[in-house]
Amino acid sequence: MSTTYRRQLAELAETLHAERQLLEHLLFKLIEARLVLAADEARFVPQAMREVEAVVERVRFGEGHRHVAVQGLANAIGEPPERITLGFLVGWAPEPYKTMFSEHQDHFRRLATEIEQASLDNRRLASLAVQNLSETLGSLLGSRDPGTYTHQGTRGGTTAVLPTRLDEVL
């Protein structure tokens, strides 16, 4: 194998390693956001979400680096870029790259599952927080049923409640 191939393989392996680190950081931020949501610390939710969004943006930037590295390897070996998957690399690359790509593949699968689960947990907790807030505001303002929006954009299932100052309720 020529040095061009090896240089491209090394660059791709390094790029994938950096992307894995970013995804680990994303998972950390999602778990951190989940803890904020679970602790019902509403004042920190916006900050936690900004931090998640910042890492997501870095992941997107990293995807661009991966695209460039895959394109470089594809050009070097004469394969179309869409064929260069981790499965392809595990079957095609010589050692030590074969093992590296296999480890990357395992870690990416695990991270994808964990990130998806953390995202689902966060959505569920955020929905509960909104529901609890809505119920609390409803009880303060005299409406037990906060209702929902209809497909027409109007509030459904509620009785009209005029705005009330909090000190008038207590």
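The values are calculated or read from the model by the stated rules, or taken from the named source; none is laboratory data. Not measured: the values here are computed from a predicted model. A quick note on method: Cβ atoms are made from the backbone with ideal geometry, for glycine too, and the neighbour counts reach across all protein chains shown.
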Conditions (1) closer than 30 Å to residue 97 by Cα; (2) free of Cβ contacts under 8 Å to residues at least 40 places away in the same chain: number failed by residue 4: (2)
When the residues of the stretch 1-59 are filtered to those that are of a type in the set (S, T, N, Q) and over 21 Å from the mean Cα position of the chain (by Cα), which remaining residue is nearest to residue 86 (Cα to Cα)? 8
Take residue 133 and decide whether it is out of contact with any Leu (no Cβ under 8 Å at 6 or more places or on another chain), closer than 24 Å to residue 41 by Cβ and either at pLDDT below 95 or surrounded by 11 or more Cβ atoms within 10 Å (Cβ to Cβ) (or both). yes
Just to be sure, is residue 91 modelled with pLDDT of 95 or more, closer than 23 Å to residue 5 by Cα, in a helix (DSSP H, G or I) and within 18 Å of the chain's Cα centre (by Cα)? no
Within the stretch 46-70, restricting attention to residues that are in contact (Cβ under 8 Å) with a residue 40 or more places away in the chain and over 14 Å from residue 10 (Cα atoms), which residue is surrounded by the fewest Cβ atoms within 10 Å (Cβ to Cβ)? 63
Residues 73, 125, 111: which one is touching a residue at least 60 places away in the same chain (Cβ under 8 Å), surrounded by 12 or more Cβ atoms within 10 Å (Cβ to Cβ) and more than 16 Å from residue 16 (Cβ to Cβ)? 125
When you go through 168, 82 one by one, which is the residue that is among the charged types (D, E, K, R) and either modelled with pLDDT of 70 or more or touching a Gly at 6+ places or on another chain (Cβ under 9 Å) (or both)? 82
